[in-house]
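Take a look at the structure set out below.
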Amino acid sequence: MKTLRVFFGLFLLVIVYSFVIMQKSPQQKFTITEKDVAWADSVWKGTTLTNLNAGEATYIKSCNKCHGYKKPQSKKAEKWEKIIPKMAKKAKLNQADESLLLKFVITLGRPMSKAK
């Protein structure tokens with residue numbers, strides 16, 4: 001009977017842990033298109049796919065520690081420009097990561113982006 005309780009306890013622990021891990025990952029990765037890169041480069045000269053991918057990685061790694069993921073489309077660029085510096089400070093991001101994150105959310109949040 002004791003073995004059954006231990007097994008059941010471990011089973012519940014695995015289920016809860018799996019649920020927590022699923023909550024910490026965005027529902028799906030973003031699709032960054034050539035048009036997204038071209039648009040970002042027109043706004044921030046020299047912006048590359050690598051930069052936007054790095055911004056996405058920072059988003060995935062840092063933006064769910066205190067709250068759930070916010071879709072880039074959920075806010076306009078002006079709002080992101082106010083929010084990201086505050087959140088970057090709380091997340092202890094360096095200036096480079098903050099800049100890449102801001103470029104990522106603004107690029108994928110613009111109305112004509114096909115980001116999913």
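The values are calculated or read from the model by the stated rules, or taken from the named source; none is laboratory data. Please read all numbers here as calculations on a predicted model, not as lab measurements. For neighbour counting, all protein chains shown are included, and Cβ atoms are generated from backbone atoms with ideal geometry for every residue, glycine included.
Results, tabulated for the structure shown:
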item	result
Residue within the range 96-106 that is outside any helix (DSSP H, G or I) and either buried (at least 18 other Cβ atoms within 10 Å of the Cβ) or free of Cβ contacts under 8 Å to residues at least 40 places away in the same chain (or both) present	no
Meets criteria (in a loop (DSSP other than H, G, I, E, B) and not basic (Lys, Arg)) for Asn64	yes
Flag for Tyr17 being at pLDDT below 90 and not in a helix (DSSP H, G or I)	no
Selection within the range 76-98 - within 13 Å of Tyr59 (Cβ to Cβ) and out of contact with any Asp or Glu (no Cβ under 7 Å at 6 or more places or on another chain)	Trp80, Ile83, Met87, Ala91, Leu93, Asp97, Glu98
Given (1) modelled with pLDDT of 80 or more; (2) under 14 Å from the mean Cα position of the chain (by Cα); (3) outside any helix (DSSP H, G or I), number of the condition Lys29 does not satisfy	(1)
Matching residues in the range 78-95 - criterion: being outside any helix (DSSP H, G or I) and either surrounded by 13 or more Cβ atoms within 10 Å (Cβ to Cβ) or acidic (Asp, Glu) (or both)	Ala91, Leu93
Residue match in the range 37-54 (condition: assigned to a helix (DSSP H, G or I), modelled with pLDDT under 95 and surrounded by 10 or more Cβ atoms within 10 Å (Cβ to Cβ))	no
